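In what follows, a single structure is set out as structure tokens and then discussed.
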Amino acid sequence: MAEMSKAQSTENISVDKDVLLKVNNLAKYFTVKSSLRKSHRKYLKAVDDVSFEIKRGETFGLVGESGCGKSTTGRTILRLYDPTAGQIFFDGTDLADLSDRQLLPYRKRMQMIFQDPYASLNGRMTVNDIIGEGIETHNLYNGAEKTERIYDLIHHVGLKKEHVNRYPHEFSGGQRQRIGIARALAVEPELIICDEPISALDVSVQAQVVNMLEDLQNEMGLTYLFIAHDLSMVKHISDRIAVMYVGKLMEVCGSERLYEQPLHPYTQALLSAIPIPDPIVTRKHQRIILEGDVQSPINPGEGCRFATRCMYKQDICTQVTPELRELEPDHFVACHLVKEINK
Amino acid sequence: MGKILEVNNLQTSFFTHLGEVQAVRGSNFTMDEGDILGIVGESGSGKSVTALSVIGLIDEPGKIKNGEIIFDGADLTKLSNKELSDLRGNDISMIFQDPMTSLNPVFTIKNQMIEVIRRHTDMSKSEAKKHAIKMLDLVGIPEAAERISSYPHEFSGGMRQRVMIATALSCDPKLLIADEPSTALDVTIQAQILELMLKMQKELKTSIILITHDLGVIAEVCTSIIVMYGGMIMEKGTVDEIFYEASHPYTIGLHKSVPSMNRKSKERLVPIAGSPPDLLKPPAGCPFSPRCEHAMQICLEQAAPMFEISKTHTSACWLLHEDAPKVAGIEKGEAKNG
């Protein structure tokens, strides 16, 4: 697979003005056991041959269950991890091989919002320092202008001027997440990777943060990569959605369509498993209950990763890894049997 | 069907160095035999503390300050530790959120299950083992006879939760308390576990208290629901009453703030402004009043009694008082002593 991606990198990627981020055959392996003998090495293939693109101004949802590699994908795009293979084209430039110094201007253009608002803010820094750090690193504003900018950001995320000299522990979870969002916005990014930004918040507060993210997007023309396991929230916020399972993309398509007509058997099972907060609908609802164990991401062999739990499994599924193919316009599915299943 | 549990004016507090945290402030509810009662609320609403009070697991610095918990005719708050420990695992069992931290990693599943079974029955070791294998089989663990000798880390999250359920049900309890049993699990695994709990409930006729913050899970599993907020019960009713005839502004707000799968995806959510109350200094009146769009003067001063809307449906909101102004969407009911 590594050779294949090398070959592609030499090709001229046609620069589509609408596409902000294009990920090509991205892979990230973690070494579980190293050895001089190749056959003894063990890799955890967290992200394995993943390709997708995100258009400017759109919200791209990445869903999957815990351990499927969705957060690793987000972090590898930001080069918080070095990719094992593949390319990350941000606005036409491949970030995968850039040095730290070359990356700096791109770091300003891509930011991240983290899951846990308790762990992602430094407890010894005031809100002013937390938000101001990025502004200083990138030399955006100085002196009075910087203060003005911080006030402006704080106001944007619904906090007050007097909050800037406080420390994170003085805030509630929802307020902390707002500080994290203000920090991400401080360097005027184009792409924000939201890694489960609301799952640590209370239900009644989640909606506040989601609405705010939507407002900020409209106002500033932001592009989001929204990573989450809460499918109903992802459907709400995303324009297009990719479903990930044990390091691979299973299905990619528009969010309305994905929920109305999922084609991959995993997506179908996943959607049917969501508890619906409506008792009458629930009583009529037929649920697909998956059997079997999740495929381990450590040295997975050839074949579909979902085959261990798939009720339609045939011989080909365990022998050949299915490719993500465009079945209908803008609807990609990685399944050998997709046509037979959805007759 | 008789009552299995009756909780009267339960008050549980934690005496921390910062002061008294009033986690539960006067809960009243009853539960019928064979019921699946859901307790919903956000973190800090007192739902878990209510359950821990029932099973007698409130540790220092926490204390049940007041109230009665009548289970099967006996007041549990009056029992000694020894009597409570005989009861736990035998008549009342509990499943916790995180199956990894509630199983002991250095003992095999066999060890842990046999310990529970022998604590409450006079089975011999081999009988207890047979019973444990039967229970594991029942909760859908393949090759239970071999898997029983495994350690907890050799199981996946969903399987561990099955082991927890098997252990909790092994002494045929009358009441099972499940505290967020599926929250730590993935949706596809969650669906399996909920399905299993419903199946076990049908087969063994256990009454279940299910604590969760997920309205979807509640809708799926429960027969009646308690909505808690800021240490108090805001609304009680059957599933349909809470979902389709909700009359407390908090319950209504909760419904509106979750995205519905049927709703158009770009439709805006309606959040509840503000954040939950600080239980060190709980508001004098209704705990929801600082966030409530309909709050009146009395709401800030005095907590509302439970107003009866139907035989099974009560709600603690002053808007239901006969002198209150009419608010769209909230039906008036008869005042019940609070």
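By the rule of a C-alpha distance below 28 Å, with chain neighbours fewer than 8 residues away ignored, the lysines paired with A:LYS55 are A:LYS6, A:LYS17, A:LYS22, A:LYS28, A:LYS45, A:LYS70, A:LYS108, A:LYS235, A:LYS248, B:LYS264, B:LYS266. Only lysines eight or more places from A:LYS161 in sequence, or on another chain, were considered; those with a Cα closer than 16 Å are A:LYS146.
If I take every Cα pair under 8 Å that is 6 or more residues apart in chain A, average their sequence separation and divide by the length, what percent do I get for the relative contact order?
Numbers: 601 pairs, mean separation 64.0, N = 343.
Contact order relative to length: 19 percent.
Would you mind ranking A:GLU170, B:GLU322 by Cβ crowding within 10 Å, fewest neighbours first? Don't skip to the end; give the middle numbers.
Numbers: A:GLU170 12, B:GLU322 9.
Going from sparsest to densest Cβ surroundings: B:GLU322, A:GLU170.
Taking a straight Cα-Cα cut-off under 28 Å and skipping sequence neighbours fewer than 8 places away in the same chain, the lysines within cross-link reach of B:LYS63 are B:LYS3, B:LYS47, B:LYS78, B:LYS82, B:LYS174, B:LYS236, B:LYS281. Structure remark: mean-square fluctuation, Gaussian network model of chain A, C-alpha springs under 10 Å; the largest value among A:SER39, A:SER51, A:SER71 belongs to A:SER39.
Considering only DSSP beta bridges with both partners in chain B, what is the antiparallel share in %, to the nearest 5?
Values: 33 of 52 bridges.
The antiparallel proportion sits near 65 percent.
Projected label points at A:LEU80 and A:ASN342, each 7 Å from Cα along the beta carbon direction, are separated by 3.3 nanometres. In a shell of Cβ-Cβ distance under 11 Å around B:THR251, excluding B:THR251 itself, what net charge do Lys and Arg (+1) and Asp and Glu (-1) give? Its environment carries a net charge of -1.
Taken as Cα centroids, region A:23-43 and region A:241-317 sit 26 Å apart, rounded to the nearest whole angstrom.
With the convex hull built on the Cα atoms of chain A, state its orientation-averaged projected area in nm². Each step should come with its number before you reach the end.
Working: hull surface 80.0 nm².
It is 20.0 nm².
When chain B is treated as a GNM with alpha-carbon contacts under 10 Å, the residue of B:SER207, B:SER275, B:SER170 showing the greatest mean-square fluctuation is B:SER275.
Once fully extended, how much extra length lies between A:ASP16 and A:TYR141, figured as 0.36 nm per residue of separation less the alpha-carbon to alpha-carbon distance? List each step's numbers first, then the result.
Working: separation 125, 0.36 × 125 = 45.00 nm, distance 3.20 nm.
Full extension from A:ASP16 to A:TYR141 adds 41.8 nm.
The Cβ shell under 12 Å around B:PRO99 holds other residues with a net charge of -1, Lys and Arg each +1, Asp and Glu each -1.
The largest-to-smallest principal axis extents of the Cα set in region A:64-189 are 47, 36, 23 Å.
Listing A:ARG124, A:ARG75, B:ARG25 from fewest to most neighbouring C-beta atoms within 10 Å gives A:ARG124, A:ARG75, B:ARG25.
Here B:CYS171, B:CYS299 are placed in order of increasing Cβ neighbour count within 10 Å, fewest first, which gives B:CYS171, B:CYS299.
Under a Gaussian network description of chain B, with springs only between Cα atoms under 10 Å, the residue in B:ALA184, B:ALA132, B:ALA273 that fluctuates furthest is B:ALA273. P(r) tail, region B:3-222: Cα-Cα pairs separated by more than 22 Å, 51% of all pairs.
Every Cα-Cα pair of the protein assembly as shown was included, and the share exceeding 50 Å stands at 17 percent.
Computed on the Cα atoms alone, the convex hull of region B:247-316 gives a volume of 121 cubic angstrom per residue.
Quick note: the coordinates plus some simple rules give every number you see, no bench work behind them. Worth saying up front: this structure is predicted, and the values here are computed from it rather than measured. Cβ coordinates were reconstructed from backbone atoms using ideal geometry, including for glycine residues, and neighbour counts include every protein chain displayed.
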